[in-house]
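Bear in mind these aren't lab numbers, they're just calculated from the coordinates by the rules spelled out. All of these numbers come straight from a predicted model, not from anything done at the bench. A quick note on method: Cβ atoms are made from the backbone with ideal geometry, for glycine too, and the neighbour counts reach across all protein chains shown.
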Amino acid sequence: MPFINYAAREITCKLVYYGPGLCGKTTNLQWIYENTQKEAKGKMVTLATEAERTLFFDLLPLSLGTIRGFAARFQLYTVPGQIFYDASRKLILKGADGVAFVADSQAARHEANLESLRNLQQNLAENSIDFQTIPYVLQLNKRDLPTAMPAEEMIAALRTRNEAVFEAVAVNGTGVVETLKSMVKQSLARLRSGTPA
Amino acid sequence: MSATDLILHEEEFRKVVGLGERLRHDANARYVALIDRNGQPIASSGELPDVDKTALASLVAGNVAATETLAKMVGEQSFSSLYHEGEKDHLHMSAVGPIGILVVLFDERSSLGLVRLRVRQMTPDLEDVFNEMVERSRSAENPELEEFGAAMAEITDEDIDSLFGDRI
Ligand SMILES: Nc1nc2c(ncn2[C@@H]2O[C@H](COP(=O)(O)OP(=O)(O)OP(=O)(O)O)[C@@H](O)[C@H]2O)c(=O)[nH]1
Ligand SMILES: [Mg+2]
């Protein structure tokens, strides 16, 4: 649910990075944080374990430019990918205006990608969010690894609704901004009145 | 526009800010904020230098969401309030209807009893404004929004590029 503040002429959207454990969700946010001008970013909040696995969520608030006279703000969240944190994932998806599914390209993680995608669909449904219409992109991350599966194979298995697909290497920023831009564009375009939830 | 979109108009914004100011004064609190359950800051009163308000709101919302889920797990109905006692500063968080959360930060100049009392007194008024806000967000007649939505529908790649500019 985009939050529109007419008093402050601000619009805020919540965008969530989803995907299996260690696929690179937090790395996407870190790269954005490190490469964003100071004035455009807030404090990055990270609730992680000692081993840097996301425990609850990461949050990066961004204040970009204005659009049609409104200041555009985005709150980027990551979910914890580890299977047993499902209750937390469900909480974070609540009120999401857009989702990026980050898939891990390593062949050994193929099953985990599929499992996480099913889990996303289920958790969206439990939050009464329609997976078919929510702004959505697919990111194939870790394209730099020698064990990466061919992109076409991953797309055939993971692309579910003709969404935009971006190949990425989140550690060096490849595909990171493209993924974010696609989510931003879709979530703003969806503000058109009459669009169902 | 989805049924859950929250739209804050000038009028309600002023009311919420006014109520927040009054609560902070009456409760002798350092800082009062109203946020939504998803962690969006809506309005606040009082200075809190060096604290990122968005981060604060998201952590409060996460905390409340986790507590509420925990409560349901053990068979409690729902969340009504949460209290964190620090060494100097204390944090009181309470539900404002189904979508709002009220956060009050106070120190030795106040007390938990006083904060609780003032929060309880103020909550119905805040709930009223929240309900108005939700009602108005849902009402079909919203010319301002129609116009805004129509403009957004025609958003181009160039618009998005200029939104990002050289910020990222
Ligand atoms: N080679 C390579 N490594 C990557 C890439 N993206 C992320 N990594 C590494 O993968 C590991 C896990 O990345 P995270 O971003 O913490 O993963 P996550 O998805 O947040 O994991 P959880 O928090 O457990 O869900 C880290 O060591 C990253 O440096 C990539 O594109 N290529
Ligand atoms: Mg993580």
What does the average come to when, for each residue of peptide B:151-157, you count the partner chain Cβ atoms lying within 10 Å of its Cβ?
-> 6
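As an exercise, use a Förster radius of 30 Å and the Cβ-Cβ distance of residue B:47 and residue A:47 to find the FRET efficiency, rounded to the nearest 0.05.
The formula returns an efficiency of 0.70 here.
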Cα-derived Rg over Rh, computed across the protein assembly as shown with Rh taken as Kirkwood radius = 0.97
Remind me, relative contact order of chain A in percent, using alpha carbon pairs under 8 angstrom and six or more residues apart?
-> 23
May I ask you to evaluate 6.51 cos²θ - 1.76 cosθ + 1.60, the Karplus curve with θ = phi - 60°, for each residue of segment A:104-112 and list the ³J(HN,Hα) values in order in whole Hz, giving x for glycine and proline?
-> 8, 6, 4, 3, 5, 9, 4, 4, 4
Give the distance, in whole Å, between the Cα centre of segment A:1-43 and the Cα centre of segment A:130-178.
-> 18
Can you give me the Cα centroid spacing of segment A:89-110 and segment B:19-92 in angstrom?
-> 28
Relative contact order of segment A:93-162 (C-alpha contacts under 8 Å, at least 6 apart) in percent is 47
Run through all the Cα pairs of chain A and give the fraction in each 10 Å bin from 0, expressed as whole percent.
-> 9, 38, 38, 14, 1, 0
Percent antiparallel among DSSP beta bridges confined to the protein assembly as shown, nearest 5, equals 60
Distance in nm between label sites at residue B:135 and residue A:71, each 7 Å beyond Cα in the beta-carbon direction?
-> 3.0
Separation between the residue A:133 and residue A:37 pseudo-spin-labels, each 7 Å from Cα along Cα→Cβ, expressed in nm?
-> 3.7
Determine the principal axes of the Cα atoms in segment B:3-164, then give the extent along each, sorted from largest to smallest and rounded to whole angstroms.
-> 53, 39, 28
One would report the antiparallel percent of DSSP beta bridges in chain A, rounded to the nearest 5, as 45
Which helices, taking whole DSSP H runs in chain B, have alpha carbons extending 20 angstrom or more along the helix axis plus mean Kyte-Doolittle at least -1.0?
-> B:53-73, B:112-138
Can you give the FRET efficiency for residue B:125 and residue A:7, using 1/(1 + (r/R0)^6), R0 = 22 Å, r = Cβ-Cβ distance, to the nearest 0.05?
-> 0.75
